1. Could you look through the range 209-221, keep only residues that are over 29 Å from the mean Cα position of the chain (by Cα) and in a loop (DSSP other than H, G, I, E, B), and pick out the one that is farthest from Ala276 (Cα to Cα)?
2. Quickly run through the range 181-201 and pick out the residues that are under 28 Å from the mean Cα position of the chain (by Cα) and among the polar types (S, T, N, Q).
3. Hey, can you tell me all the residues within the range 247-281 that are surrounded by fewer than 17 Cβ atoms within 10 Å (Cβ to Cβ) and not hydroxyl-bearing (Ser, Thr, Tyr)?
4. Just give me the residues in the range 269-281 being part of a loop (DSSP other than H, G, I, E, B) and touching a residue at least 24 places away in the same chain (Cβ under 8 Å), in sequence order.
5. Can we say Ala215 is out of contact with any Pro (no Cβ under 7 Å at 6 or more places or on another chain) and not aromatic (Phe, Trp, Tyr)?
6. Considering only the range 125-143, how many residues are out of contact with any Leu (no Cβ under 8 Å at 6 or more places or on another chain) and either part of a loop (DSSP other than H, G, I, E, B) or closer than 20 Å to Pro239 by Cβ (or both)?
7. For the range 295-309, give me each residue that is under 28 Å from Glu123 (Cα atoms) and surrounded by 11 or more Cβ atoms within 10 Å (Cβ to Cβ).
8. Quick check on my filter: what residues within the range 181-208 are under 25 Å from Gly135 (Cα atoms) and surrounded by fewer than 18 Cβ atoms within 10 Å (Cβ to Cβ)?
Amino acid sequence: MTAQDSGRTCRETAALCSVFKKHASFVEFDRDRTCEHRDQTSSRVAGLAQDHIGAIMLRYVVIRNQPIPFLEVTRVFARTIALAVAIATLAAFDAVAQTANQPPDTMAARVEACTPCHGNQGEGTNDVYFPRLAGKPAGYLYNQLLAFKNGRRKYPPMNYLLEFLPDPYLQQMADYFADQHPPLPPVAASDASKEVLQHGQSLVSRGDPQRQIPACGSCHGPALTGMEPGIPGLLGLRPNYISAQLGAWRYGTRTAKAPDCMQQVAARLTEDDVTAVAAWLASRPAPVNIAPAPKGTYVLPFACGSEPD
């Protein structure tokens, strides 16, 4: 559910590390809600301390193979015990701190790994290539999560984050973001020419029958807010993201369940078409109601695997 599904890495390494760290924490929490790995911290560190004591004594007794002055043994033993106690104490404090900072058992806490790229409520961020998730149909979001998990959509951070999550859990994630309804962002100023915007409006509203290109609105709805359960809205997205996704459909790097209607449509678009559609969609203000239309509100112009009968 990020744009440019292949060949792209996060611009900010620190931000990507933050995503991975958060994900690792919450996946571990999800696999075992009692976080037993935290309880094992002290025992692991104590074992290391015990090994440290044995190594020092071995150094003096075995390697030197000679009697050790009582005072020297006393000093070594005292330093080692002090070190072991210090390590064990720090481990105990760390275990307590980790327990105190354990995230609450809520879906909002579990999906915090998604927030650096997609926003606190899935509203999107300033990065033009990461899309808004909030309010999209749960079926659509679930399909995309599955596509990333199974490798049909390729973007390494998303593939990594979802690889080991079970399908029912992905459905819960999809349901969570579908239930979020932050307002759409304000429309950014466009540098597209009047002619480009008019061409985009024509394709979105009327399509191009001579080239067998249906209007975007015939599938994504007259208000472009999508339809349950599997057709996403097209508003609140930036032109770079829209262009990248249409390009991915055109060249087959993004696919969907057969019949892959988006690939069929995008394959008939030219580069100029893509630029125009992306520019015009990104220039649209939010309608009064941004929720997707209920299932069956309108009939699709052709069969589409993402929206089964």
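1. Top of the filtered list is Gln212.
2. Ser190
3. If the condition is that a residue be surrounded by fewer than 17 Cβ atoms within 10 Å (Cβ to Cβ) and not hydroxyl-bearing (Ser, Thr, Tyr), then Gly252, Lys257, Ala258, Pro259, Gln264, Ala267, Arg268, Glu271, Asp272 are the ones that fit.
4. The one that is part of a loop (DSSP other than H, G, I, E, B) and touching a residue at least 24 places away in the same chain (Cβ under 8 Å): Leu269.
5. yes
6. 10
7. Selection gives Lys295, Thr297, Tyr298, Leu300, Cys304, Gly305, Ser306, Glu307.
8. Result: His181, Pro182, Pro183, Pro185, Pro186, Val187, Ala188, Ala189, Ser190, Gln201, Ser205.
The values are calculated or read from the model by the stated rules, or taken from the named source; none is laboratory data. Owing to the predicted nature of the structure, the values given are computational and were not obtained by experimental measurement. Every residue, glycine as well, gets a Cβ built from its backbone with ideal geometry; the counts of neighbours run over all protein chains shown.
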